[in-house]
């Protein structure tokens, strides 16, 4: 019998009975919890327990970045008429379109914790470096994309600017890590730079969303004009935006781009190619690293290369970054301006951008179709299913810029990507979810406002939509009394990122397929993690996640006992090691100064620990490797270095005592296998998790016995 | 066998089979329809057919006026914390809170037709008076409360400013009229003036929402200071805002207040008492009219009178108007101001308004509880169920004023009204729906905007919500470069109605109880008419509505044949009559110059036609009464006036030919019983309605035979 299934069955039965006693439904009482409670994994769920779930083989999560209900309506009005419908977006969640398909529509809350990206609130280490922790105990009603993405990717509420770390900087396992641990194929598709927040939450754990590469946001070009591309150029660019201790050079787990390679999704498609021109510790470009590690790489502009992609798996994952930055939008920008009757007389019609990759057959719909084909033909995908996220990124970016046409074209792209998916998937085994990370600034108003900028659009049905953009904090547009504006009374489309504000309203989530009804009613963004996790049978609670590391092993690559392969820490994102000599003196240890210090786990793969600099003699050593999330550790006791006589003084491992031969190896010490349980602040959930922990503990013992 | 039920069964079977052939689901294709198509009854439905319906005995519709998702979130953040929940509002539609209760949550579109309240587009008659028609063929993305209310009350899209008339000014039957025709008890509760748009759509048919009374918006006081209250005061007040031909004095069906008395809901509770001080044609106040017609009246400030109300039915309906205007809000107003760091340092906390009626036990929750008690103890309510609408009106009004505390307190009132209802009703036989008529201006933003006004609130959990108000078309607040502002850089709470804008985003609808799942997915506001109508078994299509007038009768009150009781025109809102002499010359006829000319039907009651001025001799007359909506007519041929010899020259009626005795009477001419069918522009719906019409026709013949 499959132990995971048995465990799940027990848990389900337990939760079902808990439901009868009234534990299900709204997890939170009428009065909301405090920030101190909400920072715990799972604490912000509005629907506790495992209700409304059905198992899905595959899940596709579509994210319209910044796609609140207003943005959806703006785009529908323009593209299809006020009474029209999106072909894809409006079909998801719509009952009765497909007989027997489970559907759901509802609203979810999107708040975050900590103050808005205010670094002054972050704890610093003794050198004045940020430590990646943000313990300020406040709730932030308006989230950014990184905190919101972390919410659905990990189930944990965190601060704006955080990528899959909690408010104290601790990495939280994300859906791709968990899906890989469950043997599934995985994909990550976006129109943004692949290092941008929404895709990043499936790739990495970072205290700063701007930590794109080891050199921050340097684009890998010759900035100092000396004819060479080297680290001096990064300094010249002056864009260092990583927590110092997170960098590999400082003993950390590395930047978002580097972790993307460690996470190793089967399929990754988007923009941000230029950041892979950055240099790793050995001076190689990250593109080179990707190739060296088996990735099929497609670079900016190589649409043919994209089209030719025919297979993707863990041996040959796809990394296709078709633009240097964010990908070009479908429509040329419109410019919002001050109140002006001429706009009503001549409403704007959007024009197609020549640079839009859709003109060459590389739209978001094309990416999505390709990703689905690659994933379902992948062996893991065939056998175990897949998890795919698709982001329409520039709805947000163009809303920031008060660019109505830009946001509409991107919504159209997302809609067509959903249609492309619907034409390929079977909704009886695939759960498709469509939602956003947060709502945004655009408002459909009766007439042009006097304070805000506005655009009047000519809708498909001939009517006009008047859109107001009035949430800017600073007068970048020269519209107010502040005289610092660089453009008089209109939005400046040349700005990469405008300054209109995200909004904090609850917004739409819709789903079709097994488990879809779980998005009904009022939920929270973090519930989406559980909806997807439950549908795919992933380890959604800390106890289950810790279990994923119980098969961890450490094994020397050969008889030299200098380089070690670490596997099975599937419930961990970060590892620490300690190498001691025979007297117990530490010879080498991973950095431990921040939660992002240590070795990044190669998710569901092999993490290599090279200690050849330290294990040089035939002396006896012992090595301990500990998973920072699971708390599980593997110790190899009393093994000899490369010059030791083979067979004598061989590795002593626990529990596999008596292993007398090289190479040295060890497994998790079963006696200490239960790592620290995640605390949870939700009272109701706490009760459930406590019960789950007991069950999980019992099952684990059983599992251990049956295996050994 | 109950013929209505048989008809319903056949229709349901027919639709069920149609569903199998793919007719159900999104009625509209991807591209939206034109204004010319959308103006037809039912044309804007997004979910055609009768799917997702279960019969409910009772329906309660809660409307938060202007309560978009942003307004809900603002209030939840403040009142319960960002992670909190409303006790009532968030429970409706929430799955799994009550075992076995059907639930649904989704989004709906709210657009209207015609230009925004722009009278210059309205057709005028030869005297330059508005005719109540607005044929300009445009779609309006942002609705007002009257067009949106007309949408869910009648199923017909119309222009902003219209109350239950289509864009051509034709009355459309509303839910209270149809519920009364089905023998149900009815109620209408609001915190607004009872003549305001949202309650008005259940009381009246009016081309102008401001047509509060026969003297427009005159408050019934001595305006010219002559010590008398008479029509000269109305002239002095100068507030005439009715389509002239709609006034009774001009042969029309009368103002909103007058029609309220004709509609005669069992329970009506709200504000707007002062408008009942207006004078009817005979010089009596409308309050006196109400008393004369059997209403139990409770006037402004008489909370004890409200509390003592113990029963309500068609003999003694309740008209309780507890305030002269809109009822006081729960919280004192907050004032939105320009960007100012002091607001972040000292966030606003709302204070309770001493004038709030909730302090005396007359909150919206108290109204709701009272209305439910009265309706369920009413004989019709007991036997056949009830329909009740409850409006939280000032969310909208205070949002217009940029008054955050005002809008929040009103949302709290609505939430508590929902809780009060949930504590009384049985969700296994009562459908409770919560939604809004349109979204509104307030936005939760990251930080204070520079152009817009803003308020920073201290939330229940200690966090801060920053609300932006930036959609004003005119600079009433002195915030922009326009110098006409009367208040420098802040909202003016003294304004009865501010000028922030409604918004056109899709918004939340949620439901619990039989039929609730019909609000899932993306629907339109007009779908709500069908959701409620189907649940209560009302006549939702034109053919069914026409059938409601097939039992119409006209009968003289006594042997004088001068005054006639008209009954059974339950599928009509307006009647016309024509009195001819024996030579076929018209002696008297109702005005027919506009669709609102004629006699207002006393819904499901007796409409009295007094022809004593015209039938004065013993000569022979003939009288025809025609329902303007159903097209059905009753003719009484060749009857004698009061001085005619009894028994000779008696009334000749069709079809009851041979009626030789006084009093004269007539019934619907069966041969012409099928009135004009409503056209429908929705292709799919057209197919269904065509089928329904055939079935209805067949059933009607059967029904006629079984009765006669």
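Taking the conditions exactly as written (under 29 Å from residue B:144 (Cβ atoms) and in contact (Cβ under 8 Å) with a residue 60 or more places away in the chain), does residue B:517 satisfy them or not?
No, not satisfied.
Any residue in the range B:494-509 that is in contact with a helix residue (DSSP H, G or I) (Cβ under 7 Å, 6 or more places away or on another chain), buried (at least 23 other Cβ atoms within 10 Å of the Cβ) and farther than 25 Å from residue B:69 by Cα?
Within the range B:494-509 (the criterion being in contact with a helix residue (DSSP H, G or I) (Cβ under 7 Å, 6 or more places away or on another chain), buried (at least 23 other Cβ atoms within 10 Å of the Cβ) and farther than 25 Å from residue B:69 by Cα), the answer is no, since none of the residues qualifies.
Quickly run through the range B:32-51 and pick out the residues that are at the interface with chain A (Cβ under 7 Å from one of its Cβ atoms), under 22 Å from the mean Cα position of the chain (by Cα) and either under 19 Å from residue A:94 (Cβ atoms) or in a strand (DSSP E or B) (or both).
B:44
Just one of (1) within 13 Å of chain A (Cβ to nearest Cβ); (2) surrounded by 24 or more Cβ atoms within 10 Å (Cβ to Cβ); (3) more than 13 Å from residue B:92 (Cβ to Cβ) trips up residue B:403, so point out which.
Just one mismatch for residue B:403, condition (1).
In the range B:170-223, which residues are touching a residue at least 60 places away in the same chain (Cβ under 8 Å), in contact with a helix residue (DSSP H, G or I) (Cβ under 6 Å, 6 or more places away or on another chain), part of a loop (DSSP other than H, G, I, E, B) and farther than 25 Å from residue B:66 by Cα?
Across the range B:170-223, the qualifying residues are B:183, B:184, B:215, B:218, B:219, B:220.
Can you name every residue in the range B:442-474 that is more than 17 Å from residue A:499 (Cα to Cα), more than 7 Å from every other protein chain (Cβ to nearest Cβ) and in contact with a helix residue (DSSP H, G or I) (Cβ under 6 Å, 6 or more places away or on another chain)?
Within the range B:442-474, B:442, B:455, B:456, B:457, B:459 qualify.
A quick yes/no check of all residues on (1) crowded, with 24+ Cβ neighbours inside 10 Å; (2) over 30 Å from residue A:94 (Cβ atoms):
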site	(1), (2)
A:523	yes, no
A:546	yes, yes
A:551	no, yes
A:557	no, yes
A:565	no, yes
A:568	no, yes
A:571	yes, yes
A:579	no, yes
A:593	no, yes
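So residue A:505 passes all but one of these: (1) more than 9 Å from chain B (Cβ to nearest Cβ); (2) assigned to a loop (DSSP other than H, G, I, E, B). Which condition number does it fail?
(1)
Name the residues in the range B:261-282 that are surrounded by fewer than 17 Cβ atoms within 10 Å (Cβ to Cβ) and touching a helix residue (DSSP H, G or I) at 6+ places or on another chain (Cβ under 8 Å), would you?
Matches in the range B:261-282: B:281 only.
How many of the residues in the range B:231-260 are closer than 30 Å to residue B:184 by Cα and either surrounded by 24 or more Cβ atoms within 10 Å (Cβ to Cβ) or touching a residue at least 60 places away in the same chain (Cβ under 8 Å) (or both)?
10
Going residue by residue through the range A:554-570, is there one that turns out to be in contact (Cβ under 8 Å) with a residue 24 or more places away in the chain, touching a helix residue (DSSP H, G or I) at 6+ places or on another chain (Cβ under 7 Å) and not assigned by TED's automatic domain parsing to the domain that holds residue A:171?
yes
How about the range B:93-109: which of its residues are closer than 19 Å to residue B:439 by Cβ and more than 9 Å from every other protein chain (Cβ to nearest Cβ)?
Across the range B:93-109, the qualifying residue is only B:108.
Restricting attention to strands (runs of 3 or more DSSP E) lying wholly within the range B:543-633, give those where 2 or more residues are closer than 19 Å to residue B:177 by Cβ.
Because the criterion is at least 2 residues that are closer than 19 Å to residue B:177 by Cβ, the strands (runs of 3 or more DSSP E) in the range B:543-633 that meet it are B:563-567, B:574-581, B:607-610, B:620-627.
Report yes if some residue within the range A:60-69 is in contact with a strand residue (DSSP E or B) (Cβ under 9 Å, 6 or more places away or on another chain), more than 30 Å from residue A:461 (Cβ to Cβ) and at pLDDT 95 or above; otherwise report no.
There is at least one residue in the range A:60-69 that is in contact with a strand residue (DSSP E or B) (Cβ under 9 Å, 6 or more places away or on another chain), more than 30 Å from residue A:461 (Cβ to Cβ) and at pLDDT 95 or above.
Filter the range A:592-621 down to the residues that are over 15 Å from residue A:205 (Cβ atoms) and in contact with a helix residue (DSSP H, G or I) (Cβ under 7 Å, 6 or more places away or on another chain) and list them by number.
Within the range A:592-621, A:593, A:604 qualify.
Go through the residues of the range A:418-433 one by one and say whether even a single one is within 12 Å of chain B (Cβ to nearest Cβ) and crowded, with 24+ Cβ neighbours inside 10 Å.
no
When you scan the range A:322-333, do you find a residue that is outside any loop (DSSP other than H, G, I, E, B) and surrounded by 21 or more Cβ atoms within 10 Å (Cβ to Cβ), even just one?
yes
Is it the case that residue A:235 is touching a helix residue (DSSP H, G or I) at 6+ places or on another chain (Cβ under 8 Å) and farther than 22 Å from residue A:595 by Cα?
no
Would you mind finding the one in A:114, A:106 that is touching a strand residue (DSSP E or B) at 6+ places or on another chain (Cβ under 7 Å) and modelled with pLDDT under 90?
A:114
Inside the range B:76-85, can you point out the residues that are more than 7 Å from chain A (Cβ to nearest Cβ) and in contact with a strand residue (DSSP E or B) (Cβ under 9 Å, 6 or more places away or on another chain)?
Of everything in the range B:76-85, those that are more than 7 Å from chain A (Cβ to nearest Cβ) and in contact with a strand residue (DSSP E or B) (Cβ under 9 Å, 6 or more places away or on another chain) turn out to be B:76, B:78.
For residue B:579, are the conditions met, namely being farther than 30 Å from residue B:198 by Cβ, touching a residue at least 12 places away in the same chain (Cβ under 8 Å), touching a strand residue (DSSP E or B) at 6+ places or on another chain (Cβ under 7 Å) and not assigned by TED's automatic domain parsing to the domain that holds residue B:111?
yes
The values are calculated or read from the model by the stated rules, or taken from the named source; none is laboratory data. This one's a predicted model, so the numbers in the text were calculated from it and none came from an experiment. No Cβ is skipped: glycine too gets one built from the backbone with ideal geometry, and neighbour counts run over all protein chains shown.
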